[in-house]
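One structure is given below, encoded as structure tokens.
The values are calculated or read from the model by the stated rules, or taken from the named source; none is laboratory data. The model shown is predicted, which means the values in this text are computed figures rather than measured ones. Don't worry about glycine lacking a Cβ; one is built from the backbone with ideal geometry, like all the others, and counts go over all protein chains shown.
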Amino acid sequence: MTLHSRPPVVRVDAALLIPGRGPPITNATLVAEGKKITFVGKQSTLPAKYAQLQGRVVPFLLPGLWDCHVHFFGAPSFAPGVVTSTPPALAGARSARDLAATLNAGFTSVRELGGYGSQIAAAVEEGWLVGPSIYSSVSMLSQTAGHGDAREEDMAVLCSKMEQNMPFYICDGEAECQRAVRTMIRRGATVIKVATTGGGSSTDDLQARQFSDAELLVMVQEVQRAGLAVAAHCHGKEGIKAALRAGCRTLEHASFANDECIALMKEKDVLFVPTRTAINFALSNPQAWTPENYRKIVQLAEANLRTYTKAIRAGVRIALGTDIGLSATTLPINHGMNGKEFVWAVEAGLTPLEAIEAGTARGPESLMTNPIAHGDDESDDESDDGEPPLTKAPKSGQLSVGFDADFIAVSDNPLLDIAVLANPEKVTHVWKGGKLYKEPGKPVTILPPVH
């Protein structure tokens, strides 16, 4: 593009436009110039300068979808020992397919909570690979003998791999925990993940509280100084409450939250990411787990659904995340199946419109360190004294002027049948950054489009 040339302009007319936040608009038009949206509204109010612009006509237009909990491990199992023993080059090669499949399903942005996405993101940004925008924690921070400790590995070998960007990182004591956060930020993290309890895929107990209050507090404070948010993996009540006391902004799973925990979630205005896709997959595939791990999955699955429904009734804000992270053609779950999370959300009690907001407009909020206003972000980029914000989450997940030109079209009305979003074949078009990546007869492929 020359100095005086204009960025490409895209016009899309839709019978129904679902903006991500706010009421749907019938007979709507969206216009994007370059990477930003410049007009959204009724076709009858389209500015004259766009009137002669030829556009595409679609039945239903939505923001690009967000998955707030994924992993690009490039491994066939969630077991920490399998992830740590998968060569990074192999993980990257497998992830190339996973990236394309995610974008093909309509997901233009993901929050990766541990994996190789932080390194792969550069290839996506350069155009060498096709995929969603990736906002990554790099690794999950865990204590020794905690959820992220691959106990099958010799500790000396594990520590060596930690220094080579392995997706798990172990730290103990306040000084190590503070340094671990700084290490993740140095490696490019845009969010930090900590494990405050055990998990279904590891050898520890689900209810086991992990990290002391002092360790958690020093990590959260360090993250906040950098303007980032903390996501807490947690299942047991004590770990949930510890994460909330410390100031974690999102809770992942939170399976055994009781009424006290849910009240605290509401009071502190955190985002709850239930991850039903991975939990339901785990429950229906006992052959993929050891007997002990499957026993834990059975324990947490029903509790997680109960927490989900109670949190919705209590008014806790929900963000959708799948916890998809496997690269295995022999298993019935892979990247590209992310849209199923919308179905689980509606089954748990959200309306289709609320579920769409949870899987679009709420995505960027999972990267914000402080509670946010519920509505369009009209705040200035600078404070009264002219200082820019320390960190600003992407303006994404909404079809609104000034937001990223990430949007998708689907063949059927998701307000009548939310399962439309679970079927990549019904996602007919995908635009990311104003560029068309998918249209009928041309799905997203690993090879980027030629320009």
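Cβ-Cβ under 6 Å, sequence separation 6+ or interchain: first residue in region 142-161 and farther than 23 Å from ARG209 by Cα, partner assigned to a helix (DSSP H, G or I). Which pairs?
From residues that are farther than 23 Å from ARG209 by Cα, the pairs are LYS161/THR84.
Answer with yes or no whether LYS42 is free of Cβ contacts under 8 Å to residues at least 24 places away in the same chain and surrounded by fewer than 21 Cβ atoms within 10 Å (Cβ to Cβ).
Spelling it out, LYS42 is indeed free of Cβ contacts under 8 Å to residues at least 24 places away in the same chain and surrounded by fewer than 21 Cβ atoms within 10 Å (Cβ to Cβ).
Given (1) in contact with a strand residue (DSSP E or B) (Cβ under 6 Å, 6 or more places away or on another chain); (2) crowded, with 22+ Cβ neighbours inside 10 Å, identify the lone condition not met by VAL82.
Only one criterion is unmet by VAL82, namely (2).
Let me spell it out: the conditions are (1) crowded, with 18+ Cβ neighbours inside 10 Å; (2) hydrophobic (A, V, I, L, M, F, W, C); (3) not assigned by TED's automatic domain parsing to the domain that holds HIS233, and VAL57 meets all of them except one. Which number is the exception?
(1)
Quick grid of which residues meet (1) out of contact with any Gly (no Cβ under 7 Å at 6 or more places or on another chain); (2) closer than 20 Å to GLY81 by Cβ:
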site	(1), (2)
SER142	no, yes
ASP149	yes, yes
VAL157	yes, yes
MET162	yes, yes
THR183	yes, no
ALA189	yes, no
GLY200	yes, yes
LEU206	no, yes
SER212	yes, no
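So is SER95 closer than 30 Å to HIS233 by Cβ, out of contact with any Phe, Trp or Tyr (no Cβ under 8 Å at 6 or more places or on another chain) and in contact (Cβ under 8 Å) with a residue 24 or more places away in the chain or not?
Considered against the rule, which asks whether it is closer than 30 Å to HIS233 by Cβ, out of contact with any Phe, Trp or Tyr (no Cβ under 8 Å at 6 or more places or on another chain) and in contact (Cβ under 8 Å) with a residue 24 or more places away in the chain, SER95 comes out as no.
Conditions tested, residue by residue: (1) modelled with pLDDT of 95 or more; (2) crowded, with 23+ Cβ neighbours inside 10 Å.
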residue	(1), (2)
ALA355	yes, yes
THR369	no, no
GLY386	no, no
LYS392	no, no
ASP404	yes, yes
ILE408	yes, yes
LYS426	yes, no
LYS432	yes, yes
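Do you know which residues across region 434-445 are crowded, with 19+ Cβ neighbours inside 10 Å and in a strand (DSSP E or B)?
Hits for region 434-445 are TYR437, LYS438.
For GLU238, are the conditions met, namely being under 30 Å from TRP289 (Cα atoms), modelled with pLDDT of 95 or more and touching an Asp or Glu at 6+ places or on another chain (Cβ under 9 Å)?
It is false that GLU238 is under 30 Å from TRP289 (Cα atoms), modelled with pLDDT of 95 or more and touching an Asp or Glu at 6+ places or on another chain (Cβ under 9 Å).
Have a look at THR84, THR29, THR38 and point out the one that is assigned by TED's automatic domain parsing to the domain that holds SER139 and more than 19 Å from ILE356 (Cβ to Cβ).
Within the list THR84, THR29, THR38, the selection yields THR84.
Condition first: among the small types (Gly, Ala, Ser) and over 22 Å from CYS159 (Cβ atoms). Now tell me which residues in region 78-96 satisfy that.
Result: GLY92, ALA93, SER95, ALA96.
Pick from LYS296, LYS266: which is in contact with a Gly (Cβ under 7 Å, 6 or more places away or on another chain), under 30 Å from MET368 (Cβ atoms) and not small (Gly, Ala, Ser)?
After ruling out the rest, the residue left standing is LYS266.
For region 400-415, name all the residues that are among the charged types (D, E, K, R) and either assigned to a loop (DSSP other than H, G, I, E, B) or free of Cβ contacts under 8 Å to residues at least 60 places away in the same chain (or both).
Those that are among the charged types (D, E, K, R) and either assigned to a loop (DSSP other than H, G, I, E, B) or free of Cβ contacts under 8 Å to residues at least 60 places away in the same chain (or both): ASP406, ASP412.
Can you tell me which residues in region 115-125 are in contact (Cβ under 8 Å) with a residue 12 or more places away in the chain, surrounded by fewer than 24 Cβ atoms within 10 Å (Cβ to Cβ) and under 25 Å from VAL223 (Cα atoms)?
Once the filter is applied, which keeps residues that are in contact (Cβ under 8 Å) with a residue 12 or more places away in the chain, surrounded by fewer than 24 Cβ atoms within 10 Å (Cβ to Cβ) and under 25 Å from VAL223 (Cα atoms), region 115-125 yields SER118, GLN119, ALA121.
Give me the residue from region 274-303 that is outside any helix (DSSP H, G or I) and hydroxyl-bearing (Ser, Thr, Tyr) and, out of that set, farthest from HIS253 (Cα to Cα).
Across region 274-303, the extreme among qualifying residues is THR290.
I'd like to know if region 126-143 contains one or more residues that are buried (at least 17 other Cβ atoms within 10 Å of the Cβ) and more than 23 Å from the chain's Cα centre (by Cα).
Yes, region 126-143 contains a residue that is buried (at least 17 other Cβ atoms within 10 Å of the Cβ) and more than 23 Å from the chain's Cα centre (by Cα).
Do you know which residues across region 20-34 are buried (at least 21 other Cβ atoms within 10 Å of the Cβ) and out of contact with any helix residue (DSSP H, G or I) (no Cβ under 9 Å at 6 or more places or on another chain)?
Step one: filter region 20-34 for residues buried (at least 21 other Cβ atoms within 10 Å of the Cβ), giving 20, 28-32.
Selection gives LEU30, ALA32.
Got a sec? Which of ALA195, ALA208, ALA175 is of a type in the set (Gly, Ala, Ser) and surrounded by 23 or more Cβ atoms within 10 Å (Cβ to Cβ)? Working first, answer last.
Working: ALA208 fails: surrounded by 23 or more Cβ atoms within 10 Å (Cβ to Cβ); ALA175 fails: surrounded by 23 or more Cβ atoms within 10 Å (Cβ to Cβ).
After applying the criteria, what remains is ALA195.
Which number in (1) farther than 23 Å from LEU65 by Cβ; (2) assigned to a helix (DSSP H, G or I) marks the one condition that THR330 misses?
In the conditions (1) farther than 23 Å from LEU65 by Cβ; (2) assigned to a helix (DSSP H, G or I), THR330 misses (2) alone.
Please give the strands (runs of 3 or more DSSP E) falling wholly within region 146-245 in which 1 or more residues are more than 26 Å from PHE272 (Cβ to Cβ). Walk me through how you get there before you give the answer.
Working: elements: 168-170, 192-195, 230-234.
Counting at least 1 such residues, we get 168-170.
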